[in-house]
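So the structure is just underneath, and the comments pick up after that.
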Amino acid sequence: METVEARVLHRPTPASGYLPEGPRALGPGRLSWITIQSGAKATHGALHVLTSARGENRTWKLPGRPGFAYATNREGLFLIGMERSVVLYDTMASRSTDVVTRIDGHTTGTIVNDAAMCSAGLVFGCKDTEFREHKAGLWFLRRRDLRVFELRRDQLCSNGKVLREMRDGRFELFNIDTPTRVVTRHELDPETGQLSEATVAIDLHDQPGVPDGMVLVPGSDEVVIAMFHPEPAPYGRALQCSLRTGKVTREFRTPGATQVTCPAWLQTQHGAQLVLTTATENLSRDQLAGQPNAGCLFVAPAPLVIVPEGAFWAV
């Protein structure tokens, strides 16, 4: 198995590095990312836009805790899942407009988490903020009419997702509910908003840590999965895995940061690269001393990967 060492791309402030997730390419050398919350008891997070060549990072404090953010076809406007809503956030005016509200209305104590976009719309999940009950929802927001379908209500911490279109207009959904330590495969019918029963595509029970974010390797049957590992170790890991066999084929390492949260592809002046976010969440002062790069964004070379254009939500 090949191993690839990543290097630090960006070192955020302590608040921004508490729980970074959701990197998305905006174009060559430019990406957005989010801070879900700025501290253990914080009730707000932030949206960031990083230009890698200049090392420039712009930040917008958000009025709640975001789970995902996608740029739209309008400059400065982002589609963001925040708390129990999906909103359009205008960075020029620092103002949000509701698109969908009352997400997870069947229960309490959950907030929106990770998402994946496709031509038919957006699949996003929620998490129980106490990490105790499998009660959070998995949802599909249909693009053409903004109708929302409840797909499941049994997630504990719904994280990485990949959507691939099938020949009959349906979509394959690969989904991670982090504590289960597996990647499940479903089929989504965007016309009816129905989801097939789960089958296991990748079993990660024998790996240290738990799976978090996930991204498809373009043009392949493989994904890269961020592994969140709170225990002491010299490096964190993201695993490139086959969706056909479930086998690990490559390991990306983040020195001095074991809690890897999300991966994304980025085209840069150095070629295609894999971006990895890491977190300081729940680390004590002594643990942080042993993980000097926790909370940083990393990049690693990604040979033979052709990075697609950034995914934009049309408004």
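The values are calculated or read from the model by the stated rules, or taken from the named source; none is laboratory data. These numbers were taken from a predicted model, which means no experiment stands behind them. Neighbour counts are summed over all protein chains in view; Cβ atoms, including those assigned to glycine, are modelled from backbone coordinates with ideal geometry.
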- [ ] Kindly establish whether residue 202 is closer than 26 Å to residue 293 by Cβ and either crowded, with 22+ Cβ neighbours inside 10 Å or touching an Asp or Glu at 6+ places or on another chain (Cβ under 9 Å) (or both).
- [x] no
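Which residues, taken from the stretch 177-212, are within 24 Å of residue 251 (Cβ to Cβ), assigned to a loop (DSSP other than H, G, I, E, B) and either touching a helix residue (DSSP H, G or I) at 6+ places or on another chain (Cβ under 6 Å) or free of Cβ contacts under 8 Å to residues at least 24 places away in the same chain (or both)? Explain how you work it out, then say what you get.
Of all residues in the stretch 177-212, those within 24 Å of residue 251 (Cβ to Cβ) come to 177-185, 200-212.
Filter once more, keeping what is assigned to a loop (DSSP other than H, G, I, E, B): 181, 204-209.
Listed by number, the list holds a single entry, 206.
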- [ ] Can you confirm whether the stretch 240-253 contains a residue that is touching a His at 6+ places or on another chain (Cβ under 9 Å) and on the phi < 0 side of the Ramachandran plot?
- [x] no
Task: Failed condition for residue 163, given (1) within 20 Å of the chain's Cα centre (by Cα); (2) of a type outside the set (Gly, Ala, Ser); (3) under 18 Å from residue 249 (Cα atoms) - done: (3)
Open item on the list: Taking the condition of being assigned to a loop (DSSP other than H, G, I, E, B), surrounded by 12 or more Cβ atoms within 10 Å (Cβ to Cβ), in contact with a Lys or Arg (Cβ under 9 Å, 6 or more places away or on another chain) and not polar (S, T, N, Q), how many residues in the stretch 74-104 meet it?
Closed with: 4
TODO: With respect to residue 8, determine if the residue is in contact with a Cys (Cβ under 8 Å, 6 or more places away or on another chain), assigned to a strand (DSSP E or B) and among the aliphatic types (A, V, I, L, M).
DONE: yes
Open item on the list: Which pairs turn up if I take residues in the stretch 31-44 that are of a type outside the set (Asp, Glu) and look for partners that are at pLDDT below 95 and in a loop (DSSP other than H, G, I, E, B) with beta carbon separation below 9 Å, at least 6 apart in sequence or on another chain?
Closed with: 31/52; 31/310; 32/310; 40/282
TODO: Kindly list the number of the only condition in (1) over 30 Å from residue 154 (Cβ atoms); (2) in contact with a Ser or Thr (Cβ under 6 Å, 6 or more places away or on another chain); (3) surrounded by 14 or more Cβ atoms within 10 Å (Cβ to Cβ); (4) free of Cβ contacts under 8 Å to residues at least 60 places away in the same chain that fails for residue 59.
DONE: (2)
TODO: Look through the stretch 15-42, keep the residues that are touching a Gly at 6+ places or on another chain (Cβ under 7 Å) and outside any strand (DSSP E or B), and return whichever of them is nearest to residue 214 (Cα to Cα).
DONE: 36
Open item on the list: Looking for something more than 24 Å from residue 186 (Cα to Cα) and in contact (Cβ under 8 Å) with a residue 40 or more places away in the chain - is there at least one such residue anywhere in the stretch 237-246?
Closed with: no
Task: Criterion: within 19 Å of the chain's Cα centre (by Cα) and surrounded by 14 or more Cβ atoms within 10 Å (Cβ to Cβ) - qualifying residue of 195, 243 - done: 243
TODO: For the stretch 123-176, enumerate the residues that are part of a loop (DSSP other than H, G, I, E, B), surrounded by 17 or more Cβ atoms within 10 Å (Cβ to Cβ) and in contact (Cβ under 8 Å) with a residue 24 or more places away in the chain.
DONE: 135, 156
Task: Exclusive hit being under 20 Å from residue 113 (Cα atoms) and surrounded by 17 or more Cβ atoms within 10 Å (Cβ to Cβ), set 210, 248 - done: 210
- [ ] Scan the stretch 246-267 for residues that are among the hydroxyl-bearing types (Ser, Thr, Tyr) and either in a strand (DSSP E or B) or touching a Leu at 6+ places or on another chain (Cβ under 6 Å) (or both) and jot them down.
- [x] 249, 254, 261
- [ ] Return a yes/no flag: does the stretch 227-235 have any residue that is in contact (Cβ under 8 Å) with a residue 40 or more places away in the chain, within 27 Å of residue 25 (Cα to Cα), assigned to a strand (DSSP E or B) and not aromatic (Phe, Trp, Tyr).
- [x] no
Open item on the list: Going residue by residue through the stretch 119-127, is there one that turns out to be touching a helix residue (DSSP H, G or I) at 6+ places or on another chain (Cβ under 9 Å) and at pLDDT 95 or above?
Closed with: yes
